[in-house]
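Novice: Submitted below is the structure of interest, expressed as structure tokens.
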Amino acid sequence: MSSGAIVTFNDPRRFGSMKIVKRDKLDEEPLLSRLGPEPLGNAFDAAMLAAACAGKKTSLKAALSDQRVVAGLGNIYVCEALHRALLSPKRLASTIAGKSGVPNERAERLVDAIKAVLNAAIKDGGSSLRDHRLTDGDLGMFQHHFRVYDREGQRCVTPRCPGTVRRIVQNGRSTFYCPVCQK
């Protein structure tokens, strides 16, 4: 860069891509125009999420994983947020909104849980399961705080819940949840 800074793009899992776009052209960029709001941004709230899910016949897990609904939520963080919100990944996405698209208490809990999970993950440097590393080469530590992800067969961590974490496959991805406390 002209400032002497170096930008490195390291994507060992090959999910991403990089494209340099001028700041004043961001609103015109087709790759960005289809993305939902950033989950830690001001536009992401219960009303926005409920409106995006109103009338959807898909599962809540599939809706949250859809980058057009909310940008940047990966499989781990969707599972963890659904557990914190005590919502089943199998629940229909439309059930977080009233008939008119108004958010209900589930939408409020879910938005709070998504933000809490992402903030905790950022604080801990992300989740290092196989190959994720911080820019200094250190491992992220959020995997040590998983409540359900990759904990199949283990007891649920929700207080007073006698449930056991289960694994199912939804849309080709592993989903971990507690069928007792996640309704």
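Novice: Does PRO103 fit the bill of being touching a strand residue (DSSP E or B) at 6+ places or on another chain (Cβ under 9 Å), touching a residue at least 12 places away in the same chain (Cβ under 8 Å) and open to solvent by 30 Å² or more (accessible area, probe 1.4 Å)?
Specialist: Working: touching a strand residue (DSSP E or B) at 6+ places or on another chain (Cβ under 9 Å): yes; touching a residue at least 12 places away in the same chain (Cβ under 8 Å): yes; open to solvent by 30 Å² or more (accessible area, probe 1.4 Å): yes.
Considered against the rule, which asks whether it is touching a strand residue (DSSP E or B) at 6+ places or on another chain (Cβ under 9 Å), touching a residue at least 12 places away in the same chain (Cβ under 8 Å) and open to solvent by 30 Å² or more (accessible area, probe 1.4 Å), PRO103 comes out as yes.
Novice: Of the conditions (1) assigned to a helix (DSSP H, G or I); (2) in contact with a strand residue (DSSP E or B) (Cβ under 6 Å, 6 or more places away or on another chain); (3) open to solvent by less than 40 Å² (accessible area, probe 1.4 Å), PRO89 clears all except one; give me its number.
Specialist: In the conditions (1) assigned to a helix (DSSP H, G or I); (2) in contact with a strand residue (DSSP E or B) (Cβ under 6 Å, 6 or more places away or on another chain); (3) open to solvent by less than 40 Å² (accessible area, probe 1.4 Å), PRO89 misses (1) alone.
Novice: Given the structure, is PRO12 in contact with a His (Cβ under 9 Å, 6 or more places away or on another chain) and in contact (Cβ under 8 Å) with a residue 12 or more places away in the chain?
Specialist: For PRO12, the condition - in contact with a His (Cβ under 9 Å, 6 or more places away or on another chain) and in contact (Cβ under 8 Å) with a residue 12 or more places away in the chain - is met.
Novice: If you take the residues of region 125-166 that are in contact with a Gly (Cβ under 9 Å, 6 or more places away or on another chain) and at pLDDT 85 or above, which of them is most open to solvent (accessible area, probe 1.4 Å)?
Specialist: Checking each candidate, the answer is ARG155.
Novice: Examine region 72-85 for a residue that is within 10 Å of the chain's Cα centre (by Cα) and hydroxyl-bearing (Ser, Thr, Tyr), and state whether such a residue exists. Spell out how you get there, then give the answer.
Specialist: Here is the first cut: in region 72-85, the ones within 10 Å of the chain's Cα centre (by Cα) are 72-82.
Checking the rest, the ones that are also hydroxyl-bearing (Ser, Thr, Tyr) come to 77.
Yes - at least one qualifying residue is present in region 72-85.
Novice: Looking at (1) out of contact with any helix residue (DSSP H, G or I) (no Cβ under 8 Å at 6 or more places or on another chain); (2) more than 30 Å from VAL7 (Cβ to Cβ); (3) among the hydrophobic types (A, V, I, L, M, F, W, C), find the lone condition where LEU139 falls short.
Specialist: Checking LEU139 against (1) out of contact with any helix residue (DSSP H, G or I) (no Cβ under 8 Å at 6 or more places or on another chain); (2) more than 30 Å from VAL7 (Cβ to Cβ); (3) among the hydrophobic types (A, V, I, L, M, F, W, C), the one that fails is (2).
Novice: If you don't mind, another one. Report, by residue number, each residue of region 167-183 that is open to solvent by less than 30 Å² (accessible area, probe 1.4 Å) and closer than 14 Å to LEU87 by Cα.
Specialist: THR175, PHE176, TYR177, CYS178, CYS181, GLN182 - these are the residues of region 167-183 that are open to solvent by less than 30 Å² (accessible area, probe 1.4 Å) and closer than 14 Å to LEU87 by Cα.
The values are calculated or read from the model by the stated rules, or taken from the named source; none is laboratory data. It should be emphasised that the depicted structure is a prediction, and the values quoted were computed from it without experimental measurement. For neighbour counting, all protein chains shown are included, and Cβ atoms are generated from backbone atoms with ideal geometry for every residue, glycine included. The accessibility values were calculated without ligands, DNA or RNA, using every heavy atom of the protein model including side chains. Shrake-Rupley method; radii C 1.70, N 1.55, O 1.52, S 1.80 Å.
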